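The values are calculated or read from the model by the stated rules, or taken from the named source; none is laboratory data. None of these values were measured; they are calculated from a predicted model. Neighbour counts run over all protein chains shown; Cβ positions are idealised from the backbone, glycine included.
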Amino acid sequence: MGVPKFYRWISERYPCLSETVKELQIPEFDNLYLDMNGIIHTCSHPDDNNPHFRITLEKILSDICHYIEFLFRIIKPKKVFFMAIDGVAPRAKMNQQRGRRFRSAREAEECEKKARESKFYLQRKDLILTALHQEQNLW
């Protein structure tokens, strides 16, 4: 979820927080604090646009570990390396997300149904079947 205007507040208070650095001129850091929620989400949902995308738990864990190691090798903290993970979302937020998912799934079904009924869908399906038949004849 996030704290409203937190980034603006912290970047105004600590202007050195957000600086562009060159790869070979990375300054020394005493501490590295990671918000693991963003890392976990990115590694477990690398292709959010594909509803049929599947990934194994082993792959997720491997990607998370590789990313943490990558950051650690770049930053090289001298004193503290801290990883924070949020707990379970509150019930109200879980209910809101569930409702949003059901609504979007229903809307997707309706769009697909309309597409199937349209002439374009029938022509496209016929075109695919014809091409598939021709491909089979070449075998």
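Things to note:
- Picking from residues in the stretch 31-55 that are among the hydroxyl-bearing types (Ser, Thr, Tyr) and surrounded by 13 or more Cβ atoms within 10 Å (Cβ to Cβ), the one that is nearest to residue 79 (Cα to Cα) is 42.
- Residue list for the stretch 31-55, filter: within 23 Å of residue 88 (Cβ to Cβ) and part of a loop (DSSP other than H, G, I, E, B): 45, 48, 55
- The conditions of being of a type in the set (A, V, I, L, M, F, W, C) and without any contact (Cβ under 8 Å) to a residue 40 or more places away in the chain are not met by residue 32.
- The residue that is surrounded by the fewest Cβ atoms within 10 Å (Cβ to Cβ), among those in the stretch 70-92 that are under 19 Å from the mean Cα position of the chain (by Cα) and assigned to a helix (DSSP H, G or I), is 70.
- Looking across the stretch 1-30, the residues that are assigned to a helix (DSSP H, G or I), aromatic (Phe, Trp, Tyr) and surrounded by 10 or more Cβ atoms within 10 Å (Cβ to Cβ) come down to 7, 9.
- Test result for residue 58, more than 16 Å from residue 36 (Cα to Cα), exposed (fewer than 11 other Cβ atoms within 10 Å of the Cβ), at pLDDT 85 or above and not hydroxyl-bearing (Ser, Thr, Tyr): yes
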